[in-house]
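Working notes for the structure below.
The values are calculated or read from the model by the stated rules, or taken from the named source; none is laboratory data. Remember, predicted model here, so these are calculated numbers, not experimental data. Note: ideal-geometry Cβ built from the backbone for every residue, glycine included; neighbour counts use all protein chains shown. Surface accessibility is based on the protein's heavy atoms, side chains included, excluding ligands, DNA and RNA. Shrake-Rupley method; radii C 1.70, N 1.55, O 1.52, S 1.80 Å.
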Amino acid sequence: MIKQIIASALITASVCTFAQTKIVEGTKFTTDDNLEKDEKLVLADDYNSYMFSAINIDGLMRNVFPHKKLLIRKLDQNGSLLDTYTKDYANKTNGVLHNYLGSQQIDDDKFVAFTEEYFGKENRKEVFQHVFSKKEGAFTTKSIAKYTIESTNKSGTTYVVFSENGKYAAVFNDRYANKKTNNINDALVIDLRSLSPVWSKEISLSSDYVEKSLTLTNSGKIVLLRKAAGWKESYKIELVSNTEDKDLPFDDKYIPEKLYAISKNDNDYLVAFGRKNQAVTLAGSTFGTVMFYDIKTGKDVISTTNLAGAKDMSDVKVIKTIVKNDEVLMAVQQETITRPLPTAMNRFPDPVYKLDVGVLMKFNKEGEVKQFVPLGSNPLGRRIQVIESGDNLYVSSFYPKGAFGNTGFSMKAFDFGGLAPRELTLDYKGKNFFMNYGFTDGNLIQFVPNVNKLLFLQKNGKDVQMINVYNFVK
């Protein structure tokens, strides 16, 4: 009996060791490429995965209702479409406007999206949460906040941000204000595990500063980056919670452009992307700096990183944060948003998004950037994707390939300790595997560790197809 168990174990180990990578294609399905935004692959397990997207287009003429929908597509084990769940979040009353504010997976079963509607005739604004449960196969909608507005054009701006650990969401209503009115805003922090309020209150802010960026800590506190109104180059960072409202002092020679909150050892920290004094340019690029800030002690550490490409650092997007052994690793990517001038044929041109090269940067325990690894060229402007498995990171990037400039897919593996890359290739039907998805936001790659399967979506116009890579980690 013992010999049989040993033999069985050896056979199993041999199969696992020499298991070959297997690629399975799902059946193609179509989306509305012109309307659907913020596509994400979510709620993936051994059997199913789900693709989320949002439609957020207002009607342009009276009596033409807007396109306002949340879509969840259920895919089977191989990525073929099984079902589509749709939530129409538009109030079909003339004059009511709506916005999709953001979304995130809550746990293995639930996904939440937030929307708002505002109506000048009734001087009101309302925020809704829509929770999709894959167990129930349905959305549940609830009103979570109501605000009074002056008019449709003076309704302020509502933001939804999520904590890095995925436990909290904050709804921040930046009220309309002018020189004659006080700068009073509304804050609501929600526990995503219970979908119940943690705290809420009105926040009175000084009118000589305006909000530039905000983030939510892993302990449920809101941190605001505020810039002096007018031409004065002055910034302040303000922390707000149910019991606190205080400025966070930092190096007055540092100019922060974007905030991001993280934690390690149960303490909250900020990573600020910005510049030291005035921007220093080299070969037409901006020399970017990063500040690592300890909220508890007020200590700041500023590092030069060579993040480059845009005029400032306000559009750096953090793709993933990993904390191990008191070190912090961040995968970030800088994006540039330009708005073309209106023409006679196109009065409202769409903004143009350009994604620069992604980078990995590692902070040591003191908060200094000790490693800075660019991830190669990105001429096709694709969002990088990051997968963590044990001490390995798998990072995707794109590059032109072949005589006809076909889109090639490149994935590099990094060991967390040294960040020395090694190239991975997927051989498929005797040729390099192509990956043509064109999404700007959202994570279109998922890794299911218990079955060692990598899932990703590729897109060609309206056609979307899931690719399953079995035995991905060797």
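Descending by average beta-carbon neighbour count within 10 Å, the peptides 231-242, 101-112, 335-346 line up as 101-112, 231-242, 335-346, the highest first. Remark: spin-label model distance ARG339-GLN371 equals 4.1 nm, labels positioned 7 Å along the Cα→Cβ axis. The amide H of LEU101, built 1.01 Å from its N in the peptide plane, has PHE114, THR115, GLU116 as neighbours under 5 Å, considering only residues 5 or more places off or on other chains.
Past the 16 angstrom mark, what percentage of all C-alpha to C-alpha distances in region 191-257 do you count?
Of the Cα pairs, 52 percent sit more than 16 Å apart.
Taking amide hydrogens as placed 1.01 Å from N in the peptide plane, the amide H of LYS212 sits under 5 Å from those of LEU225, ARG226, LYS227, each at least 5 positions away in sequence or on another chain. As a fraction of the 1.4 Å probe accessible area of region 190-255, surface on carbon and sulfur atoms comes out at 48 percent. Averaged over its residues, region 126-285 has an accessible area of 49 Å² per residue, based on protein heavy atoms and a 1.4 Å probe.
In this rough spin-label picture, where each label sits 7 Å from Cα along the Cβ direction, the ASN182-LYS299 distance is 3.9 nm.
Each peptide among 47-57, 412-422 gets the average number of other Cβ atoms lying within 10 Å of its residues, and from highest to lowest they stand as 47-57, 412-422. Less than 5 angstrom separates the built amide H of ASN183 from those of LEU205, SER207, all sequence-distant by 5 or more or on a different chain. In whole angstrom, note down how far apart the Cα centers of region 63-104 and region 148-176 are. Going from one Cα centre to the other spans 20 Å. Between the beta carbons of GLU122 and ASP58, assuming R0 = 22 Å, the FRET efficiency works out to 0.80 to the nearest 0.05.
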